[in-house]
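Step one of this worksheet: look at the structure below.
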Amino acid sequence: MGQLYQAITEVEENISRLLGEVKSLRQYVEYLEEENVSLKRQLCAVSEADTERVQKNAARIQKEAHENLEKLYSEGFHICHIYFGENLEGSCLFCNAFLRKD
Amino acid sequence: MKIICKKEDLLLGVNTVQRAVSSKSTLPILQSIKMRTENNYLWFEATDLEIGIRCQIPVNVMEEGQVVIPAKLFSEIVRKLPDTEIKIESQDSNINIYYYSSDFVINGYDPEEYPEISDISSSENIEIPATIFKSMIKQTIIACAVEETRPVFTGILLQIEGENINLVSTDTHRLAHSQSVIPGNQKEFKGIIPSKTMQEIYRLLQDDDILYISYNNNRVILKFGSVQIITRLIEGQFPNYKQVIPQTCGTKLLINTKKFLDTVERASLLSRDNYLKTNTVRFNIENSAININQFSETGKINEKIDIDQDGEDVTIAFNAKYIIDVLKVVETENILMESSGSFSPCIFRPEDDDNYLCLVLPLRS
C-alpha cells in the first residue's frame, strides 16, 4: 500500500513538472510568433518616398517606350504584335489601336 | 460511262465547278474536271486541293462510270455545242461527245489518279438562309487582304455563337464587320474561311437556298441546292478585332450614299494620276459640307456635297478605293460616317443599321 502511494505521488510530481515545461514552451512560442509578425511587417514596409520613386520611374519608362514606338511607327515600321518591326505600307489599324490604347 | 443530257445542264455543271480547277498547279490532273454518274445524276467535281466543288445535274444514265477530262477544253467545247441532245460516252480515259451526226473526242486522265474530295463525317450542321449569308459576304469580302504574307487576313472570320453570326475581315488598313441572327441556332463555330471560297459561295448561292454548314477541325463543307463546296480553314489566330473599333467619335456625318460614291469616283480619276501614285482623296469637312479639291498634272476637281454634320470640322484623307468599296456595298440611301480626327480610324455604317460597319484608317500625310 505504501509503495503504491509513493508511486502515485511520483507520477503526480512528474505530471506537474511536465505541465510547467509546457507552460514555459507556450510562452516561448507566443514570443516567436510575435517576432515573426513584426519581422514580416518590416520586410513588407516600403516608404512613401520609395513608392513615389518607383512610380515615377515606371511612368518615365512607359513614356519613353511609347515615344519610341510612336517614332518607329512614324518612320514606317509596324509596332503591332502581328507585324512588329516589319516595313509598314500606309497605315495599320492594329498599330493605331495599340498607340491609342497607351 | 454512257449518258444523254442537255447542253444547258452540262454548261451549268461546268460553270459551277470551274473556279475550283487549279490554274497554276504543276499537277496537270488538277486542271481537269471529274465526271461520274450516280443513279440518274451526273456529278461534276473539281479541286485545287484547297477548295473542292461538287455539283450534280440530272441526266439519262445508260451506263455508269467516271471520267477525268481537261477543264479548259471541255468547258470551251460545251459552250460551243449546239442546243440539241448530247450523248457522252467514255472509252478508256477518253470521252466521245456526240451531237447530230458529229462527234468530238477529248483525251482524259485515269479517274483513279484524281484526288478524292472527301466528305466530313460530322453530325454538327448549321443552317443559314442564303439571303443573310450572301449579304454578309458582300459586305465583308471587300476588306480581305490580297497579299499572302499573313494568311489569316486573306480569309473571312466566321464566328457563330448561338443565334449570332459574325463575319469579319481585315487587311490591316480597313476592317469590315457584319453580324446577323440565325433564329433557333444553338451550335457554335469559329474559323477563317478563304476569301476564294467565300467568293464561290456568293457566286453560286441562290436567294431561296438554305446553306448547310458542317465542319471539323480544319475543314468545312457547305451544301446548298445541288452544290457542295469543301474548303480547308485557314490556320492561325485572327487578331482581336474588337480592340481596333473606336467607341467614341468627335464628328458624325450623314451623307447621301449615291452622291458620295459618284463624287469620290470622280475625284479618284485625278488622284490616280498624282505624283505620289497613291489613290488619295482628301475631304475637308466644315459647315455641314464635304469639300473635295483635288488636282493633278491632268486636271483639277472641286466638289461640294451638303451633309448633316454633328461635331467638329475635320480634314481627312483616304485611299479612294477603300471608300468606293464600302459605298458600293451599303444599300441604304444615306451612310453614317463617324470620325475621331485626321489620324484615327473612321467608321462607315448604313443609316439606322447597327449590324454592319466598315472601319477605314485615314492616310497619314
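Comparing mean-square fluctuations of B:D119, B:D83, B:D306 from a GNM of chain B with C-alpha springs under 10 Å, the top value falls on B:D83. Only one residue of B:G236, B:I95, B:N216 has its Cα farthest out toward the positive end of the dipole of chain B, where Lys and Arg carry +1 and Asp and Glu -1 on Cβ, and that residue is B:G236. Percentage of Cα-Cα pair distances in chain B greater than 35 Å, rounded to whole percent? The calculated P(r) of chain B puts 39 percent of pairs beyond 35 Å. One quarter of the surface of the convex hull around the alpha-carbon atoms of chain A equals 13.6 nm², the direction-averaged projected area.
Each of B:K2 and B:N96 was given a label point 7 Å from its Cα along the Cα-to-Cβ line. The distance between the two points is 1.0 nm.
How would you classify the range B:222-365 from its alpha-carbon gyration tensor, with a ≥ b ≥ c the square roots of the eigenvalues: rounded for a/c under 1.5, else prolate if a/b is greater than b/c, otherwise oblate? Since a/c reaches 1.5 and a/b is larger than b/c, the shape of the range B:222-365 is classed as prolate.
For chain B, the longest principal axis of the Cα atoms and the long axis of helix B:320-329 meet at an angle of about 60 degrees.
Counting 0.36 nm for each residue step from B:N284 to B:Q18 and taking away their Cα separation leaves a gain of 91.1 nm. Mind checking which of A:G20, A:G85, A:G76 has the largest fluctuation in a GNM of chain A, springs on alpha carbons under 10 Å? Comparing A:G20, A:G85, A:G76 in the GNM, the peak value goes to A:G20.
Taking 0.36 nm per residue of separation and subtracting the current Cα-Cα distance, fully stretching the chain between B:L73 and B:D308 would add 79.0 nm. Among the chymotrypsin sites (Phe, Trp or Tyr not before Pro) found in the range B:72-178, those both in a DSSP coil and sparsely packed, with 15 or fewer other Cβ atoms within 10 Å of their Cβ, are B:Y100.
The GluC sites (Glu not before Pro) of the range B:146-227 meeting both criteria, a DSSP state outside H, G, I, E and B (loop) and at most 15 other C-beta atoms within 10 angstrom of the site's C-beta, are B:E147, B:E148, B:E163.
Could you sort out which of B:K34/B:K196; B:K187/B:K223; B:K24/B:K328 sit more than 25 Å apart by Cα distance in this structure? The pairs that break the limit, which is 25 Å between Cα atoms, are B:K24/B:K328. Classification of the range A:1-45 by its C-alpha gyration tensor yields a prolate form. The axis ratio a/c (a ≥ b ≥ c) is 1.5 or more, and a/b outweighs b/c. With springs only between Cα atoms under 10 Å apart, run a GNM on chain B and tell me which of B:S180, B:S121, B:S288 wobbles the most. In the Gaussian network model the winner is B:S121.
First measure r as the distance between the Cβ atoms of B:E63 and B:T84, then evaluate 1/(1 + (r/R0)^6) with R0 = 25 Å and state the FRET efficiency to the nearest 0.05. Computed FRET efficiency for B:E63 and B:T84 comes out at 0.75. Once both labels are positioned 7 Å from their Cα atoms along Cα-to-Cβ, the gap between A:Y5 and A:K56 label points is 8.5 nm. Taking chymotrypsin sites (Phe, Trp or Tyr not before Pro) across the range B:313-365, the ones in a DSSP loop with at most 16 further Cβ atoms lying within 10 angstrom of their Cβ are B:F343. Tell me the net charge near A:Q6. Cut-off is 11 Å between Cβ atoms, A:Q6 excluded, with +1 for each Lys or Arg and -1 for each Asp or Glu. Result for the neighbourhood of A:Q6: -3. Spin-label model, B:K259 to B:V181: label points 7 Å out along the Cα-to-beta-carbon direction sit 3.4 nm apart.
Taking a ≥ b ≥ c as the square roots of the eigenvalues of the Cα gyration tensor, the protein assembly as shown is oblate, since a/c reaches 1.5 or more and a/b is not larger than b/c.
Coordinate-derived values only; no laboratory data. As the structure is a computational prediction, the values presented were derived from the model and not from experiment. Neighbour counts are summed over all protein chains in view; Cβ atoms, including those assigned to glycine, are modelled from backbone coordinates with ideal geometry.
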